[in-house]
1. Would you work out if region 177-225 is rounded, prolate or oblate? Take a ≥ b ≥ c from the square roots of the eigenvalues of the alpha-carbon gyration tensor; rounded if a/c is under 1.5, else prolate when a/b is larger than b/c, oblate otherwise.
2. Once you charge only the Cβ atoms, +1 for Lys and Arg and -1 for Asp and Glu, what is the size of the charge dipole of the chain about its Cα centre, to the nearest 20 debye?
3. So what's the gap between the Cα centers of region 76-91 and region 3-39, to the nearest angstrom?
4. Assuming 0.36 nm per residue, please report the length gained on full extension of the stretch Val178 to Glu15 beyond their Cα-Cα distance.
5. Find out how many positive minus negative residues lie around Gly113, taking Lys and Arg as positive, Asp and Glu as negative, among other residues whose Cβ is under 15 Å from that of Gly113.
6. Report, to the nearest whole %, how much of the accessible area of the chain belongs to carbon and sulfur atoms, 1.4 Å probe, protein only.
7. If a/c stays under 1.5 just call it rounded; otherwise compare a/b with b/c (prolate if a/b is bigger, oblate if not). Do that for region 161-270, with a ≥ b ≥ c from the square roots of the Cα gyration tensor eigenvalues.
8. Taking the Cα centroid of region 175-226 and of region 103-149, what is the distance between the two, rounded to the nearest whole Å?
Amino acid sequence: MTDPLTTELLDVALEAARRAGELLRDGRPADLGVAATKTSPIDVVTEMDLAAEKLITDFLAERRPDDGVLGEEGASTEGSSGVRWVIDPIDGTVNYLYGLPSWAVSIAAERDGETVVGVVTAPMRRETYHAVLGGGAYLGVPGREREEPRERLRCRPAPALDQALVGTGFGYRTERRVGQAEVVRALLPTVRDIRRGGSAAIDLCDVACGRLDGYYERGLNPWDFAAGALIAREAGALTGGRPGIPASGELTVAAPPGLFEPLQRLLDELGAWHD
Ligand code: IPD
């Protein structure tokens, strides 16, 4: 049984994600350009990232005025309720800029520091993933997520490492990419194949629904993985960083038990946690 506050947070997250997803899908200008850059000249922000974050934060301020907010494009408020929202208005901004379909709106709600709700909507896939801590992970059509029958997500049974399809991603800074390329060079001959989809939130949901066996990345921010990691865990995956350490910007790994351990061990040995 989910308590009333968590149910409310899920409803708010689903509605905010639906509205932002529609704005981004229907309002993308044909001549969309780069509005600003962040950690490097290829780490871009579009006017639509800013518009979607504003839509979400305005909606949260109206529905949950006492909550804290952390957003990729700068939203940052403390809040007094013990609830904090962690928002990526477009996860996969480079895909969105180029008109590739793999981008998502990612919204997580934390209570007293623990992620209790995760929503990832991928409008061009007509898919919304959501999870509540202890309540399982589900896949639905945007706006109709609560309709029965709901598709409960289960990650794929663990294959041997050499049969695993593993997703990953790369940071935007050259120095970091040099290290990430070294790790992929060593990993590629030991697994079935590697995928680089361009949205960490979708990669984690792909682990949850069995489209990937595992996923790892160094350098993620909380807004990239908060919602997707809960969805992956609620679908049966394990998530973490280096052995014994929770997932973080240092390293995020997700895979079902049986694959998680050898993948995490190998990534640790290969130095996937440092530049
Ligand atoms: C990025 C995506 C990408 C990952 C990068 C992230 P953004 O998020 O999740 O897949 O490889 O590390 O920064 O910038 O599109 O929100």
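The values are calculated or read from the model by the stated rules, or taken from the named source; none is laboratory data. All figures in this text were calculated on a predicted structure; none of them were measured in a lab. Don't worry about glycine lacking a Cβ; one is built from the backbone with ideal geometry, like all the others, and counts go over all protein chains shown. Side chains included, ligands, DNA and RNA excluded: accessible areas come from the protein's heavy atoms. Shrake-Rupley method; radii C 1.70, N 1.55, O 1.52, S 1.80 Å.
1. Details: a/c = 2.72, a/b = 1.21, b/c = 2.25.
Oblate shape, in that a/c is at least 1.5 and b/c is the bigger or equal ratio.
2. Working: 30 positive and 43 negative charges, 162 e Å.
The calculation lands at about 780 debye.
3. Rounded to whole Å, the Cα centres lie 13 Å apart.
4. Net length gain for the segment: 54.7 nm.
5. On the way: positive: Arg84, Arg111; negative: Asp67, Glu78, Glu110, Asp112, Glu114.
Value of the local net charge: -3.
6. Details: 6030 of 11950 Å².
The value for the chain is 51 percent carbon and sulfur by accessible area.
7. Working: a/c = 1.38, a/b = 1.12, b/c = 1.23.
Since a/c stays below 1.5, the shape of region 161-270 is classed as rounded.
8. 20
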